[in-house]
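Student: Structure incoming, see below.
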Amino acid sequence: MADDKSLLEDILDVRKRRFKDALFDNNDSQNSKNNFVSKNKNKIDMDDKYMDLKNKKVNENNEITKTNSGKIIKLEKVREQRAKRKRLEKDFIQPKKPENINENNQKAEKLKKVEKIQEKTVKPTNQNEKVDLIKNSDKSVKTAIKATEMVNTAKKEKLNEKTNKIIKEDLKNQKNKDILFTSHINSETDIRNIMKDVIISLIPAIIAATLVYGTKALLVIVTSVFSAVVTEKLFSKIFLNDGNSVHNLSAIITGILMAFILAPLTSLPVVAFGGSMAIIFGKLMYGGIGRNIFNPAAIGREFMTVFFPVTMSSGTIWFSQEALKLSKVDLFVKFQNTSFMSYLDGLILTSSGSLGSYSAFALILGGLYLLLKNRISWHIPVTLFVTSFIATIFLKDGISVSTSGLLLIGIFMATDMSTSPSFNGGKIYYGIMLGIIIALLTAFGVKNETLSYVLIILNPFARAIDKVFHPAVLKEGITKQSGKVMLLSFGIILLAVIFTAIHKIGAIPYLVYLYILVLTLRLILIPNPIKLTENNEV
């Protein structure tokens, strides 16, 4: 029995061991399976990542090839366009010249290189090789384009120089055209409408002159206007080759303004002479309206002073008790008899001064009308009046021009579009300099000629003032322009001093003779400057 038990125990031990071994074997196999599965999963993940990276690289390379091929196409188009431009420039702008053989060989070699690179890029063996080839082709194409650009730069510079010359000539021609002498005038009808408004604005002053000196004043105005209109009608065909220039009504305004700066009892033949000279030497010999440098009315008065000195210097032409119709009005004095009230009455009507300065009130009405119609700006009249008022504080006897005289020159004569600045900054400076020159002439003892002298001195500087005070130039900085402004002011004051010195020694007639000689020589040397400019434009 003991032996049987021991056998059974041995058998059980064997079975237990086998069962344990089986369990361990199962665990080992399970672990090995798990390890195998995890290894396979890792391999699959690695393969997926590898494929993703590969696809990304392929996509990136494809995009690079697309962009680079697009660049190549664009560069080829640019090269073709430049070649076309080159041919057009050779055919139409520049005379055909035989090209150098070396340049042709260099161009041919560069084109061959580009074509070889393009042929290589058509069939790439590998994606990386394709990208490298495109990069190399980009570099070579860029170098080829740079080389062609270097060849074309000289020609482009020549073309730019030619175009700049053409633009400058066009600007000069535009300044010389009748319909373009101001920025807001677009046609001859616009000029006519402007002149109509100016004539309407002068009517109150004409009425005031007629109230003071009756028909005598009216005859002076009519004679001046008639001589100016007839002269323009007769001589515009000779000087301008245009018999219809009188239709723009500018001759009427010239005649009225010249009469306004004359004495009320000036001899009518002398007035007729002045009106004719104002048109011929003040406007027509420059080429017509918009081309003149000086105010025609001021020129006409100076011709009268030079050629009829006795008549123009006589005191009898300024006042006559017999011819006087109305010396003053008593509107404000009735309320209060004070010097200020009498001064206000003098602004409404007075009998002293030139024909156009009898009523400051009438001139102000005309100026307001022009402002409302946008025919003039406030800059010149206001700055002139303020500067002159300041000058009277420093001068013992004040200035030699009355309030009405300042209004006449500031509103109607200094705002003449062809002889005054175009930009607001230049207008303000122009008005200030007018006041300064009037004060300077007064200090040097000039009296009756002040109105015409101040215009003759400042008119030639109108275009220079426009250049200095151009808005585009001022944007660069006022400090940069201050030197030019100082130089310009010095030149104006120096000319005023020289002019007054010539006046003091009685040499003004010689200046007028020289002026006539210069314009006559200009007319002889350039018989028809207007035709010449028109032919150049065509």
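Student: Which whole number of Å³ per residue matches the convex hull of the alpha-carbon atoms in the stretch 329-481? List each step's numbers first, then the result.
Tutor: Numbers: hull volume 20.8 nm³, N = 153.
Dividing the Cα hull volume of the stretch 329-481 by its residues yields 136 Å³.
Student: Beyond 24 Å, what share of the Cα-Cα pairs of the stretch 392-527 remains, rounded to the nearest whole percent?
Tutor: Details: 3591 of 9180 pairs.
Tail fraction, whole percent: 39.
Student: Across 10 Å bins from 0, what is the distribution of all Cα-Cα pair distances for the stretch 213-280, in whole percents?
Tutor: It works out to 25, 51, 20, 4, in whole percents.
Student: Next up: Over the stretch 265-349, what per residue volume does the convex hull of the Cα atoms give, in whole Å³? Can you show the working numbers first?
Tutor: Numbers: hull volume 12.6 nm³, N = 85.
Convex hull of Cα atoms, per residue: 148 Å³.
Student: For a quick check: with amide H placed at 1.01 Å from N, whose amide H comes under 5 Å from PHE332's, ignoring anything fewer than 5 positions away on the same chain?
Tutor: Amide H neighbours of PHE332: ASP345.
Student: Could you pull out the pairs from LYS325/LYS396; LYS467/LYS504; LYS216/LYS427; LYS334/LYS373; LYS373/LYS396; LYS328/LYS447 whose alpha carbons sit more than 29 Å apart here?
Tutor: Over 29 Å apart, Cα to Cα: LYS325/LYS396; LYS467/LYS504; LYS216/LYS427; LYS334/LYS373; LYS373/LYS396.
Student: Please order GLU449, GLU232, GLU76 by the number of other Cβ within 10 Å, starting at the fewest.
Tutor: GLU76, GLU449, GLU232
Student: For the ranges 432-441, 262-271, what's the packing order if you count other beta-carbon atoms within 10 Å of each residue, average per peptide, and put the highest first?
Tutor: 432-441, 262-271
Student: Can you pull the one-decimal nm distance between simple spin-label points at ASP330 and VAL518, each 7 Å off the Cα toward Cβ?
Tutor: 5.3
Student: Next question, about the same structure. Order by neighbour count: ILE393, ILE409, ILE221, fewest other Cβ atoms within 10 Å first, most last. Please report the intermediate quantities before stating the final value.
Tutor: Details: ILE393 7, ILE409 30, ILE221 24.
Result, fewest neighbours first: ILE393, ILE221, ILE409.
Student: For TYR453, TYR369, TYR430, which order do you get if you count the other beta carbons within 10 Å of each Cβ and list the fewest first? Numbers along the way, then the final one.
Tutor: Working: TYR453 22, TYR369 18, TYR430 26.
So the ranking, lowest neighbour count to highest, is TYR369, TYR453, TYR430.
Read-outs: derived from the displayed coordinates by stated rules, not from any lab. Predicted, not measured: the structure shown is a model, and the values here were computed from it. A quick note on method: Cβ atoms are made from the backbone with ideal geometry, for glycine too, and the neighbour counts reach across all protein chains shown.
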